[in-house]
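Structure record follows, encoded as structure tokens.
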Amino acid sequence: MTGNPLRILHLLSHDRLKSGGALQAVLLARAQLRRGHEVRIVHNSGGDAAAAEAAFQPLAAQGLECRQVAMQHLWRFAGRRRLRALIAEFSPHVVHAHRERAVRFALGVLRAFPEPAFIAQKGNCHPSGAAAARAMRSARVDRIIAVAQAVKRALVLFDRVCAHKVDVVYGSFDAECFAVPLERTRARAELGLADATPLIGVLANLDRKKGHDLFFAAAARVLARRPDARFLVIGGGDVAGARAAARDLGVGDAVLFTGFRADRERLLAALDVSVNCSKGGEGLTGAIRESLALGCPVVCTNVGGNAELVENGESGLLVAPGDAASFAGAILHLLEHRAEAERMAREGQRRVREWMNDDVRCERVLSIYREILEWRAPELAARGVGRCLHPEAVLFRDKHAAE
């Protein structure tokens, strides 16, 4: 562990652990806890407080204390009172808000607490709404962590945030799940597939922005040349609607739907090609990062920060969003040129393991926390704040005063 232990509060607007943003927040919290920091997660209760509590309950066994507050509708006023009480009780050095709703929710509360550093996190390239953009520009937000260079560009261009306020820190992958070779035959047997069957999969919740319609259109073109190919959709959402869309394109019999799977790594390990079909707005797609961590060849649309990891022809193949013919051609190329596909997968795996592991990400984020705490210490002292929470900041303040 570097430096003194910190008290860190992660604030999530998620009420489930099924989306990439929530899973990334938990990975970071776990890495910080392993380094001896005191970490607490406060998450949204959503529309079903009991279900939200049950979703986060397993984290307690990992040493992560979780509380919930209501962030939506009229309940948010009571939720802010509860957050105020939780902050007063925990006295965090750092509040790290994940997604814009959490930033906006916390902003009013933290104006009454000048001591904690306040970090905002943004994971997509969509322009923020007017209120969210104002929140990101607020002086009370000390720093914004963007998950890709493309997200930083969007913050600067669309939300008019000063570039010096934004740091880029790539997401990580769960090394316990994704960093070891996984046996693929058993997963294929569970799916009723032979080991030799070409299997192409997409890991994404069934949301329109994820481009499953492109996946089905590309599948139709692949099947015209490889009728033995099968296609796997891993993710929760409107499965019935997605089945109907696949049938409309004539590929219903070749597509398997698993729904949400907590063991997604086992299914990814069974794939010959992993694809991402997003239409736009992505930060850096977690499914591509996880697929490459397992050494699975990838094809993805050139949106958001995907090209920061997938260099076309080097660590995977990039295609234009919405271009089913190019997408199918890229899939077929990887199926028919296995040595080249494996070479690109190995390079992608190297990049993920070196650039996007938990240790690299955690140390980078902790260095941002400490930089802010040290910078804020003299300002807080000048404003008459009675205590300076971070021991290293005290040293910085005394050195600054002596100079």
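Laboratory data are not the source of any read-out in this text; all were calculated from the coordinates shown. Keep in mind it's a predicted model, so treat the numbers as computed, not measured. FYI the Cβ positions are ideal-geometry reconstructions off the backbone, even for glycines, and counts take in every protein chain you see.
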Per the C-alpha gyration tensor (a ≥ b ≥ c, the square roots of its eigenvalues), the stretch 180-355 is rounded if a/c is under 1.5, else prolate if a/b beats b/c, else oblate; here it's rounded
Non-local residues with an amide H under 5 Å from the amide H of Leu256, with H modelled 1.01 Å from N and Pro and chain starts lacking one, are Phe231, Leu232, Val233
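Taking the Cβ of each residue in His126, His333, His37 as the centre, tally the other Cβ atoms inside 10 Å and list the residues starting with the fewest.
His333, His126, His37
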Relative contact order (%) - the stretch 180-355, alpha-carbon pairs under 8 angstrom, separation at least six:
23 percent
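Only loop residues by DSSP count here, and only those with at most 15 other Cβ atoms within 10 Å; note down the GluC sites (Glu not before Pro) in the stretch 176-221 that meet that.
Here the sparse-neighbourhood loop sites are Glu183.
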Within straight-line cross-link reach of Lys279, aspartates and glutamates at Cα separation under 19 Å, skipping those fewer than 8 residues along the same chain:
Asp207, Asp213, Asp238, Glu308, Glu311, Asp323
Cα lying deepest toward the dipole's positive end in the chain, options Val239, Leu193, Val365, charges on Cβ
Val365
Could you please state, rounded to a whole Å, how far the C-alpha centre of the stretch 335-372 is from the C-alpha centre of the stretch 215-246?
29 Å
For a protection proxy built on the mean count of beta-carbon atoms within 10 angstrom, sort 214-220, 136-142, 92-98 highest first, please.
92-98, 214-220, 136-142
Quick one: net charge around Gly129, please, counting Lys, Arg +1 and Asp, Glu -1 for every other residue with C-beta under 11 Å from its C-beta.
+1
So if I take the centroid of the Cα atoms in the stretch 116-175 and the same for the stretch 273-332, what is the distance between those two points in Å?
23 Å
Relative to the Cα centre, what is the charge dipole magnitude of the chain, using +1 at the beta carbon of each Lys and Arg, -1 at the beta carbon of each Asp and Glu, and rounding to the nearest 20 debye?
1280 debye
Paramagnetic reach from Trp375 (point 7 Å along Cα→Cβ, amide N under 15 Å) across the stretch 128-171
137-146, 161-169
Output for the stretch 266-335: GluC sites (Glu not before Pro) sitting in coil per DSSP, at most 16 other Cβ within 10 Å, listed by number, reads Glu311, Glu314
Helical mean residue ellipticity (222 nm; -39500 (n - 2.57) per DSSP H run of 4+; nearest 500) of the chain:
-14000 deg cm²/dmol
Which pairs, out of Lys165/Lys209; Lys18/Lys152; Lys165/Lys210; Lys122/Lys210, put more than 23 Å between their alpha-carbon atoms?
Lys165/Lys209; Lys18/Lys152; Lys165/Lys210
Provide the FRET efficiency to the nearest 0.05 for the Ala220-Asp48 pair, computing r from the beta carbons and using R0 = 45 Å.
0.70
Filtering the chain for DSSP H helices with an axial alpha carbon extent of at least 27 Å and a Kyte-Doolittle mean of at least -1.0 returns 358-382
Charge dipole (the stretch 180-355, unit charges on Cβ, about Cα centre) - positive-most of Ser315, Ala204, Cys300:
Ala204
Here the FRET efficiency for Arg134 versus Glu38, based on Cβ atoms and R0 = 35 Å and rounded to 0.05, is 0.65
Rounded, prolate or oblate: which fits the stretch 9-48, taking a ≥ b ≥ c as square roots of the Cα gyration tensor eigenvalues, rounded meaning a/c under 1.5, else prolate when a/b beats b/c?
oblate
Select from Ala135, Ala163, Ala254 the residue farthest towards the positive end of the dipole of the chain; place +1 on Cβ of Lys and Arg, -1 on Cβ of Asp and Glu, and compute about the Cα centre.
Ala135
What spacing in nm lies between the two simple spin-label points modelled at Asp228 and Glu65, each 7 Å away from Cα in the Cβ direction?
5.8 nm
Honestly the stretch 86-181 on the Cα gyration tensor test (a ≥ b ≥ c root eigenvalues; a/c under 1.5 rounded, otherwise a/b vs b/c for prolate or oblate) is just oblate
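Normalised by the number of residues in the chain, what is the relative contact order in percent for Cα pairs under 8 Å and 6+ residues apart? Show your work: numbers first, answer last.
Working: 753 pairs, mean separation 57.6, N = 403.
Here the relative contact order equals 14 percent.
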Work out, step by step, the length gained on full extension between Asp253 and Asn205: first 0.36 nm times the residue separation, then minus their alpha carbon distance; give nm to one decimal.
15.2 nm
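Which value, in debye to the nearest 20, describes the size of the charge dipole of the stretch 180-355 about its Cα centre when Lys and Arg Cβ atoms bear +1, Asp and Glu Cβ atoms bear -1, and nothing else is charged?
Value, rounded to 20: 200 debye.
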